[in-house]
Amino acid sequence: MARAEEGVKRLAATVGLELKLHQRMINSRPALQAAEFAREQGRFDAMHHELLRTYWDEGRDVSDSAVLREVAARAGVDVAGMEAAVAADRFGDYLDARRAEAEELGINGIPAHVIADRYLVMGAQPYDLFERVMAKGGVPKRLAPGGRPRQPQ
């Protein structure tokens, strides 16, 4: 585990990120449920961004209900509605079905990226690996505004 963490930290540093790693495994299910509630409200991207920022940049526990309320408010999500949906396990069946689908594809961890419905890239990997897999899969390179090649984020 320590070796994997060092690899992730090293990879993050190459793109200017400093990740706050956690001392214990965090239960992501409440955050996943909150994100699905945000999707219904058309706020998934904002919620996803805030969840990742809170978890990685701030090093906070996104399974904690107080933290989720704060994240939802920052993302413009109905906080009371989100809390009720998470408490009722409203998206539980959906999340269980997605997990089963992932396991059928051999995905047993995150991050996992399926490229061109053919290639599976598991774990935090260097940008150039994604470029190579995309090229092999025939995925066209997207250009940045102005027609320039995109730079790694």
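Applying 1/(1 + (r/R0)^6) with r as the Cβ-Cβ distance of A124 and A100 and R0 = 41 angstrom yields a FRET efficiency of 0.95. Relative contact order for region 60-153 using alpha-carbon pairs under 8 Å, separation at least 6, rounded to a whole percent? Normalised by residue count, the contact order of region 60-153 is 12 percent.
Spacing of the modelled spin labels on R132 and H49, each 7 Å from Cα toward Cβ, amounts to 3.2 nm.
Each value in this text was obtained by applying a stated rule to the coordinates, not by laboratory testing. Nothing here was measured: the structure is a model prediction, and the numbers come from that model. With ideal geometry, Cβ positions are generated from the backbone for all residues, glycine too; neighbour counts draw on all protein chains shown.
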